[in-house]
Amino acid sequence: MDKNLNPQQIQDLLNDLDCDENVNEDIFPDASSDLSDAESEISDHNTESEEEAENISENEDSSDIDEQSRNSNSFYGRNRYKWSKVPPSRSRVPAHNIIIHLPGLRGPALVKNEISPLEAWSCIFTEDMIELILQHTNEKITNYSENYTSNSVYTYHVTREEILAFIGLMFLTGIFKSAREDARGIWSTKTRGRPIFRTVMSLNRFLFILSCLRFDEQLTREERKKTDRLALISELFNKFIKNCITNYSCSEYVTVDEMLVPFRGRCIFRKEQTSRANTLLIPTRNVLTLTEPIYQTNRNVTGDNWFSSIELVDALKQKGLTYVGTIRVNSHVLYCASNPQKRMSRYKFLEELGYALVTPHVMNRRSMTNLSKELKDMIDKFLREVGVELPEDQPAQGPSQNKRPKKSRCHLCPRLKDSNTPRVCSKCMKNVCRNHSVDVIVCAKCQEKY
């Protein structure tokens, strides 16, 4: 039988049904009244067939509900929040996703088109921060030096160049993966030692500065510790955060995440996490504090399961933010943003920064007269490697090439020997005999260079 009926066939079927109903009414005139009386009677007893029919109808109803929930585009959680299964349509950009702040450099970092690693670091670590360290470190040295004898040669106050050199050595320590290495091994003259550390300062001076390094005033420390758990570094750290905000504007997507630090020392604000050994976590409530500089900017914050919650999303929405990430700005970001064409790895950046910080102190140290010849040679070699032009020796200081040098007694021979010689040391410019001198063979290329 063909299931596709035309309009005429449908009309004929309807007319036949009407005729059948009229016939039934004529043959059984009381059927309808009997049926209505039967329906009005309620029985407490059901047959087996009736119970089966009821069970089937209940299963059908529950299956219909499950089918409806599967076909629905949303569902409700236990906290009665409505969750949608389908993402919203992207017809227009919502108002809360329109970013009006341009990402990238701003403030002092925009002064030049291209900046060096030292200039980028100086935007983050400004002069007032260096003066803060100098002031409180020298105060500690004044009190601490009383425990040393008066003839100690490494207990004097630090200068600006020496503090920069100290910070540069700390950067180089990280570059060489020497954070947990013994300091005596780093300053060793053997194979495992690194000449750059001995070139910048002595081991005793480095350890003395490390023990006296301070960032706050000691007289008011105990009072500040009652309300500030970071009282020892809060002033310096707040300046650092302010400089990061001043010099860099993040993009429309930022990220907040925890930093896991293996640490077993004494720290009053440490937060333990039992599921991971030796870790320190930033609490979830600090997300609002971290994102405070970008309030009402329509940026998007991304976080992982340690921070995700409905309460956090609602709080960020009230602050003009949507939820997806964190911001961590450092001087390497400033350098890369200012030099987009130059690809420099973080290792190379920190290496150049460390060398730039120690170079001024090394140049001042080169003028000292009590250094050994080996150390002076190391200093000259380092300065040449970093591109510093060393002053050439004055011709008047050495013997004239046209005039024959005057003979004189060797300053190393005993007076009884009294050996006169025209040979002159090229370093100290004193006469020396053949027995106390060394002939050095130098190629023509090196002679032109040095």
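The values are calculated or read from the model by the stated rules, or taken from the named source; none is laboratory data. As the structure is a prediction and not an experimental result, all values here were calculated from the model. Every residue, glycine as well, gets a Cβ built from its backbone with ideal geometry; the counts of neighbours run over all protein chains shown.
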Residue count, region 352-370 (criterion: of a type in the set (Lys, Arg) and in contact with an Asp or Glu (Cβ under 8 Å, 6 or more places away or on another chain)): 1
Qualifying positions in region 211-229 - over 15 Å from residue 136 (Cβ atoms) and free of Cβ contacts under 8 Å to residues at least 24 places away in the same chain: 222, 223, 225, 226, 227, 228
Candidates 260, 236, 290 - the one that is at pLDDT below 85 and closer than 27 Å to residue 121 by Cα: 260
So residue 181, is it of a type in the set (Asp, Glu) and assigned to a helix (DSSP H, G or I): no
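Residues checked against (1) closer than 27 Å to residue 237 by Cβ; (2) over 27 Å from the mean Cα position of the chain (by Cα); (3) modelled with pLDDT of 80 or more; (4) assigned by TED's automatic domain parsing to the domain that holds residue 175:
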| site | (1), (2), (3), (4) |
| --- | --- |
| 299 | yes, no, yes, no |
| 302 | yes, no, yes, no |
| 307 | yes, no, no, no |
| 315 | yes, no, yes, no |
| 319 | yes, no, yes, no |
| 338 | yes, no, no, no |
| 362 | no, yes, yes, yes |
| 372 | no, yes, yes, yes |
Residue in region 439-449 that is β-branched (Val, Ile, Thr) and at pLDDT 75 or above present: no
